[in-house]
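Participant: My structure is below; once you've seen it, I'll send some questions.
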Amino acid sequence: MGLFGNIWCDPPWTLVESSVQAMKSIKPDVDFLLWTGDSVLHADVAKINHTFNGIILDNATELFKTTFPDTPVYASFGNHDSYPMDQFKPRNTALYNETLARWRTWIDDSSQDENFRKGGFYTVKTAKNIRIVALNTNIYYKDNKAVHAEGDPAGQFDWLTQTLEAARQKKEKVIITGHIAPGFQLNQETELYTHQNGRLVKILKQYYDVISAMHFGHEHADVLKLLRNGDGVPLIPVFLAPSVTPITLGPLHNPGIRLVKYDRVTGTHIDISQYYLDLHAANKAEIARWKLEYNTSGAYGLPDLSPEALDNLIDKMKDPASHEFKRYWKYYVVSPADEFIEDCDTLCHATVICGMTEFIQADFVNCFAEIIISLSVRVTYCMPLLGLSLSLSLFLFM
Ligand SMILES: [Zn+2]
């Protein structure tokens with residue numbers, strides 16, 4: 001194990017501390033921080049317990065408070081933060097009550113106590129008048145057996161609808177944060193129960209005009225998504241930040257942190273600067289040098305991160321040979337050395353593209369079929385140049 005950890009393990013405290021200190025040195029005077037959860041390690045239930053998890057949550061909370069004493073942190077639970085892991089039952093569990101006390105300085109509004117005690121969700125207004133809506137999407141996680149897979153556990157859907165309706169009436173702009181995003185992962189599955197994934201997406205589409213952007217974690221990868229309506233009109237940008245923990249659930253990846261530039265009036269996101277730690281180099285030198293990996297304006301030439309700008313970018317990425325897609329795939333895994341980057345083949349590319357814009361099973365399947373068919377047509381057209389054996393192998397691919 002290196003000083004800053006390794007890819008098969010959760011981070012030692014040196015890496016956790018280093019990541020928060022790096023955030024401070026990159027920009028100490030931010031408006032707020034988003035902390036998307038999963039502070040507790042990926043461990044066997046038999047090796048941890050509620051008290052142990054509580055100590056980790058205390059330590060992580062304290063680290064943010066001492067490093068950023070004057071900056072609010074809007075935190076959400078991750079599925080690993082409960083004990084037993086993934087189990088989030090509605091109302092008054094010890095986890096909700098104890099964590100409300102932990103995060104009280106940041107959730108400085110007693111009108112949210114009932115929501116938090118009921119389901120670990122809340123809303124607050126930032127000093128710059130942007131409304132933060134922090135969801136507990138772990139409630140809908142497909143491994144959460146403490147609720148029904150349908151219905152509205154803890155009343156979070158009703159609350160979300162009412163909160164977004166009130167924001168619309170007051171002409172507020174909303175940033176939504178949480179741990180597990182709706183939609184599809186690289187394994188072509190949604191992490192949320194099908195019915196609840198669909199209900200969440202429906203509410204978000206209904207209130208797209210007040211939602212500036214959404215931020216999640218969970219997948220340990222740098223993921224871009226874009227919620228669109230049934231006619232393909234882009235509505236809401238969705239960003240999944242890569243994890244600090246190097247433990248891998250899919251392709252090997254480095255630890256990452258990010259800085260988001262946004263318009264304080266409209267809430268529109270303008271640029272994301274993604275920083276990373278080359279874990280191998282840090283362990284070798286025994287010093288952590290967090291570096292800028294990319295920013296969205298420079299890497300993709302984006303004027304901003306509006307739904308329209310992201311729609312154009314995704315259009316370019318539909319070509320797997322485009323430099324936009326090649327960059328995206330490298331950033332997806334947070335830039336490990338080239339020899340460690342696994343190829344994203346045709347199926348992988350179709351999965352990534354459809355995962356960006358499709359959030360419902362039937363839509364995802366249709367998108368996937370369309371991309372594969374259009375690729376086949378394109379290759380068939382080039383067949384005389386490519387030769388028989390290649391065209392045959394691609395035909396088999398269909
Ligand atoms: Zn998670």
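Participant: Being away from the ligand (no atom under 14 Å from the Cβ), of a type in the set (A, V, I, L, M) and more than 23 Å from Ile272 (Cβ to Cβ) is the filter here, so list the residues in segment 172-200 that pass it.
Facilitator: Within segment 172-200, just Leu200 meets the criteria.
Participant: Shifting gears a bit: Is one or more of the residues making up segment 248-270 in contact with an Asp or Glu (Cβ under 6 Å, 6 or more places away or on another chain) and within 16 Å of the ligand (Cβ to nearest atom)?
Facilitator: no
Participant: Scan segment 139-162 for residues that are open to solvent by 30 Å² or more (accessible area, probe 1.4 Å) and assigned to a helix (DSSP H, G or I) and report the count.
Facilitator: Selection size over segment 139-162: 3.
Participant: Then there's this: If the requirement is being of a type in the set (Gly, Ala, Ser), at positive phi, assigned by TED's automatic domain parsing to the domain that holds His195 and touching a Pro at 6+ places or on another chain (Cβ under 9 Å), which of these qualifies: Gly151, Gly155, Gly119? If you could, list the steps in order and put the result at the bottom.
Facilitator: Working: Gly151 fails: touching a Pro at 6+ places or on another chain (Cβ under 9 Å); Gly119 fails: at positive phi.
Result of the check over Gly151, Gly155, Gly119: Gly155.
Participant: While we're here: Would you be able to say whether some residue in segment 94-102 is in contact (Cβ under 8 Å) with a residue 12 or more places away in the chain, exposed (fewer than 14 other Cβ atoms within 10 Å of the Cβ) and under 23 Å from the mean Cα position of the chain (by Cα)? Spell out how you get there, then give the answer.
Facilitator: First, pick out the residues of segment 94-102 that are in contact (Cβ under 8 Å) with a residue 12 or more places away in the chain: 94-100, 102.
This time we only want the ones that are exposed (fewer than 14 other Cβ atoms within 10 Å of the Cβ), so: 94, 97.
Then keep just the ones that are under 23 Å from the mean Cα position of the chain (by Cα); that gives none.
No, because not a single residue in segment 94-102 is in contact (Cβ under 8 Å) with a residue 12 or more places away in the chain, exposed (fewer than 14 other Cβ atoms within 10 Å of the Cβ) and under 23 Å from the mean Cα position of the chain (by Cα).
Participant: Just one of Leu240, Leu235, Leu259 is over 21 Å from Lys291 (Cα atoms) and touching a residue at least 12 places away in the same chain (Cβ under 8 Å); which is it? Talk me through it step by step, then tell me what you get.
Facilitator: Working: Leu240 fails: over 21 Å from Lys291 (Cα atoms); Leu259 fails: over 21 Å from Lys291 (Cα atoms).
The match here is Leu235.
Participant: If I filter segment 56-76 down to residues being over 17 Å from Asp10 (Cα atoms) and part of a helix (DSSP H, G or I), which single residue comes out as farthest from the ligand (Cβ to nearest atom)? Can you show your working first?
Facilitator: Looking only at segment 56-76, we keep the residues that are over 17 Å from Asp10 (Cα atoms), and these are 58, 61-76.
Subset that is part of a helix (DSSP H, G or I): 58, 61-67.
Details: Asp58: 20, Thr61: 18, Glu62: 22, Leu63: 19, Phe64: 19, Lys65: 23, Thr66: 25, Thr67: 23 Å.
Only one residue fits best here, namely Thr66.
Participant: Given the criteria among the aromatic types (Phe, Trp, Tyr) and in contact with a strand residue (DSSP E or B) (Cβ under 9 Å, 6 or more places away or on another chain), does Tyr141 qualify? Give the steps one after another, and end with the answer.
Facilitator: Details: among the aromatic types (Phe, Trp, Tyr): yes; in contact with a strand residue (DSSP E or B) (Cβ under 9 Å, 6 or more places away or on another chain): yes.
Yes: the conditions hold for Tyr141.
Participant: Return the total of residues in segment 118-138 being part of a strand (DSSP E or B) and within 16 Å of the ligand (Cβ to nearest atom).
Facilitator: First, the residues of segment 118-138 that are part of a strand (DSSP E or B): 122-125, 130-134.
Retained after the next criterion (residues that are within 16 Å of the ligand (Cβ to nearest atom)): 134.
Qualifying residue count, segment 118-138: 1.
Participant: For residues that are in a loop (DSSP other than H, G, I, E, B) and closer than 14 Å to Ile56 by Cβ, tally how many sit in segment 77-89.
Facilitator: So the first thing to find is which residues in segment 77-89 are in a loop (DSSP other than H, G, I, E, B), and the list is 77-78, 82-89.
After this cut, where a residue has to be closer than 14 Å to Ile56 by Cβ as well, the list is 77-78, 82-83, 85.
Residues that pass the stated criteria total 5.
Participant: Can I ask one more? In the list Asn97, Asn92, which residue meets the criterion of being in a helix (DSSP H, G or I) and either closer than 19 Å to Pro153 by Cβ or polar (S, T, N, Q) (or both)? Walk me through it before giving the result.
Facilitator: Working: Asn92 fails: in a helix (DSSP H, G or I).
The unique qualifying residue is Asn97.
Participant: With the checklist (1) surrounded by 21 or more Cβ atoms within 10 Å (Cβ to Cβ); (2) within 16 Å of the ligand (Cβ to nearest atom); (3) within 25 Å of Phe184 (Cα to Cα) in hand, flag the one item Asn53 doesn't pass.
Facilitator: Every listed condition holds for Asn53 apart from (3).
Participant: Sticking with this structure for a sec: Out of the strands (runs of 3 or more DSSP E) lying entirely within segment 251-297, which hold 1 or more residues that are within 16 Å of the chain's Cα centre (by Cα) and surrounded by 17 or more Cβ atoms within 10 Å (Cβ to Cβ)? Even if it seems obvious, please write down each step before you answer.
Facilitator: Details: elements: 256-262, 269-277, 290-295.
Counting at least 1 such residues, we get 256-262, 269-277.
Participant: Would you confirm, using the coordinates I've provided, whether Asp304 is over 22 Å from Ser212 (Cα atoms) and not in a helix (DSSP H, G or I)? It would help to see each step written out before you state the result.
Facilitator: Values: over 22 Å from Ser212 (Cα atoms): no; not in a helix (DSSP H, G or I): yes.
The answer is no for Asp304.
The values are calculated or read from the model by the stated rules, or taken from the named source; none is laboratory data. Keep in mind the model is a prediction, meaning the values are calculated, not measured. Heads up, the Cβs are rebuilt from the backbone with ideal geometry, glycines too, and the neighbour counts pull from every protein chain shown. The area values use the complete protein model at the heavy-atom level, side chains included, leaving out ligands, DNA and RNA. Shrake-Rupley method; radii C 1.70, N 1.55, O 1.52, S 1.80 Å.
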